[in-house]
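Bear in mind these aren't lab numbers, they're just calculated from the coordinates by the rules spelled out. As the structure is a prediction and not an experimental result, all values here were calculated from the model. All Cβ positions, even for glycine, are placed from backbone atoms using ideal geometry, and neighbour counts span all protein chains on display.
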Amino acid sequence: MKLLALVLLLLIALMQYPLWFGKTSWKKVWEADQDVIAARENNVMLQHRNGMLEAEVNDLKQGIEAIEERARSDLGMIKQDEILFQIVTGAPQP
């Protein structure tokens with residue numbers, strides 16, 4: 001009877017081996033699940049960024065105001081007959 005119990009216990013241990021140490025162990029499954037969660041979070045951030053970029057591209061394609069704003073802020077351009085006042089802040093000269 002003791003031999004039968006020992007054999008059954010050994011069989012149970014052998015069946016548990018792949019669960020704990022095999023190719024598809026619980027730890028590897030957990031790590032893969034964490035990778036999927038991180039990838040989903042990254043995808044959400046990238047989708048948000050892509051949406052913002054798409055809106056900006058649509059503005060640039062359809063509206064002159066967006067192009068003027070870009071020219072003013074990035075290139076420092078002004079319209080004809082406009083006067084540009086530039087205020088420089090800094091330490092006073094002695």
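Here are the numbers for this structure:
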{"read-out": "Helix-only CD estimate at 222 nm, as mean residue ellipticity for the chain, using -39500 (n - 2.57) per DSSP H run (n ≥ 4)", "value": "-26000 deg cm²/dmol"}
{"read-out": "Calculated FRET efficiency for the pair Met77/Arg49, C-beta based, R₀ 35 Å, to 0.05", "value": "0.80"}
{"read-out": "Charge dipole magnitude, Cβ of K and R +1, D and E -1 - region 23-68, Cα centre, debye nearest 20", "value": "520 debye"}
{"read-out": "Total formal charge among the other residues, if their Cβ is under 13 angstrom from that of Ala39, Lys/Arg +1 and Asp/Glu -1", "value": "-3"}
{"read-out": "Viscosity 0.692 mPa s, 37 °C: Kirkwood-radius Stokes-Einstein D of the chain over Cα pairs, µm²/s", "value": "158 µm²/s"}
{"read-out": "Stokes-Einstein D in µm²/s, Kirkwood radius over Cα pairs - region 23-68 at 25 °C with 0.890 mPa s viscosity", "value": "185 µm²/s"}
{"read-out": "Lys, Arg +1 and Asp, Glu -1 on Cβ, resulting dipole of the chain about Cα centre, debye, nearest 20", "value": "1040 debye"}
{"read-out": "Degrees between helix 26-62 axis and first principal axis of the chain (Cα, 0 to 90, nearest 10)", "value": "20 degrees"}
{"read-out": "Thr89, Thr24 arranged by Cβ crowding within 10 Å, fewest neighbours leading", "value": "Thr89, Thr24"}
{"read-out": "Dipole of the chain, positive end: most advanced residue of Ser73, Pro18, Gly51 [Cβ charges, Cα centre]", "value": "Pro18"}
{"read-out": "Qualifying GluC sites (Glu not before Pro) in region 21-94, DSSP loop, other Cβ atoms within 10 Å at most 11", "value": "Glu82"}
